[in-house]
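See below for the structure under consideration.
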Amino acid sequence: MRAVLDACVLFPTVLREILLGVAQAGVYEPLFSERILQEWVRATAKLGPLAQMQAEGDALLTRTQFPRAMVREQPGLQARLMLPDPNDLHVLAIAIAGHADCIVTFNAQDFPRHVLAAEGLQRRDPDGFLWQLWSEQPEAVAGVVARVHATAERMAGQPIALKSLLKRAQLPKLSKALHA
């Protein structure tokens, strides 16, 4: 499965680490563009200059870890597309050019299902997407979540309930699946 990761799912650190960790485990192939990565970095600016510098480093690492995931901008393709928010056309164009199966985003209203279906794509929220991947490869996904959880606890210097961590990452279905 090939999935475009919209910038809005890369900004929350825990969610990004789980999505990219599951990709590193070979469960799916992520796709993004330079513009998507830059949108993620710019979104961190509201957290201050240190957060933005960290995001720039993380984006560089992401490019290095997933060189095949980078899809070039497609201005000609973008010109023929229509979405409620023209600022999201580049995401749809990347999905088409990268032969993606879906776009993983929280932004449902700007990616109407009928528009995506006409291009052979689905819109997936991160929780449903990860739940599906967990249902197909539970050990791989659970292993990634366990590593992200351990890292979060180490960085916090104290225990963090996994259910709470996943709730903050907006992953209630995945949390329920892992706690079943």
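Some values worked out for this structure:
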{"item": "Close pairs (8 angstrom Cβ cut-off, 6 or more residues apart or separate chains): assigned by TED's automatic domain parsing to the domain that holds E119 in segment 82-101, β-branched (V, I, T) and part of a helix (DSSP H, G or I) anywhere", "result": "M82/V115; L83/V115; H90/I36; V91/I36; L92/V115; I94/I36; A100/I94"}
{"item": "Enumeration of residues in segment 141-172 that are of a type in the set (A, V, I, L, M, F, W, C), assigned to a helix (DSSP H, G or I) and either buried (at least 17 other Cβ atoms within 10 Å of the Cβ) or in contact with a Lys or Arg (Cβ under 9 Å, 6 or more places away or on another chain) (or both)", "result": "V141, V144, V145, V148, A152, L162, L165, L166"}
{"item": "Selection status of R35, out of contact with any strand residue (DSSP E or B) (no Cβ under 7 Å at 6 or more places or on another chain), in a loop (DSSP other than H, G, I, E, B) and not hydrophobic (A, V, I, L, M, F, W, C)", "result": "no"}
{"item": "Residue within segment 13-32 that is surrounded by fewer than 20 Cβ atoms within 10 Å (Cβ to Cβ), free of Cβ contacts under 8 Å to residues at least 24 places away in the same chain and not in a strand (DSSP E or B) present", "result": "yes"}
{"item": "Which numbered condition M70 misses (of (1) under 23 Å from R168 (Cβ atoms); (2) more than 13 Å from the chain's Cα centre (by Cα))", "result": "(1)"}
{"item": "Identity of the residue in segment 120-132, surrounded by fewer than 23 Cβ atoms within 10 Å (Cβ to Cβ) and of a type in the set (A, V, I, L, M, F, W, C), that ends up nearest to V104 (Cα to Cα)", "result": "L121"}
{"item": "Subset tally (residues that are closer than 16 Å to R16 by Cα and free of Cβ contacts under 8 Å to residues at least 40 places away in the same chain) for segment 167-180", "result": "2"}
{"item": "Qualifying residue in segment 32-46 (condition: at pLDDT 95 or above, over 18 Å from the mean Cα position of the chain (by Cα) and of a type in the set (D, E, K, R))", "result": "no"}
{"item": "Residue check for N107: closer than 13 Å to D6 by Cβ, surrounded by fewer than 17 Cβ atoms within 10 Å (Cβ to Cβ) and assigned by TED's automatic domain parsing to the domain that holds P12", "result": "no"}
{"item": "Failed condition for V115, given (1) touching a residue at least 40 places away in the same chain (Cβ under 8 Å); (2) surrounded by fewer than 19 Cβ atoms within 10 Å (Cβ to Cβ)", "result": "(1)"}
{"item": "Condition broken by I36, with the remaining ones in (1) of a type in the set (V, I, T); (2) crowded, with 21+ Cβ neighbours inside 10 Å; (3) without any contact (Cβ under 8 Å) to a residue 60 or more places away in the chain; (4) out of contact with any Leu (no Cβ under 8 Å at 6 or more places or on another chain) satisfied", "result": "(4)"}
{"item": "Segments classed as helices (runs of 4 or more DSSP H), wholly inside segment 50-119, with at least 2 members that are more than 24 Å from R16 (Cα to Cα)", "result": "75-79, 113-118"}
{"item": "Residue that is farthest from Q74 (Cα to Cα), among those in segment 1-12 that are assigned to a helix (DSSP H, G or I) and out of contact with any strand residue (DSSP E or B) (no Cβ under 7 Å at 6 or more places or on another chain)", "result": "C8"}
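The values are calculated or read from the model by the stated rules, or taken from the named source; none is laboratory data. Because the structure is a prediction, the values reported are computed rather than measured. Positions of Cβ are backbone-derived with ideal geometry, glycine not excepted, and every protein chain shown enters the neighbour counts.
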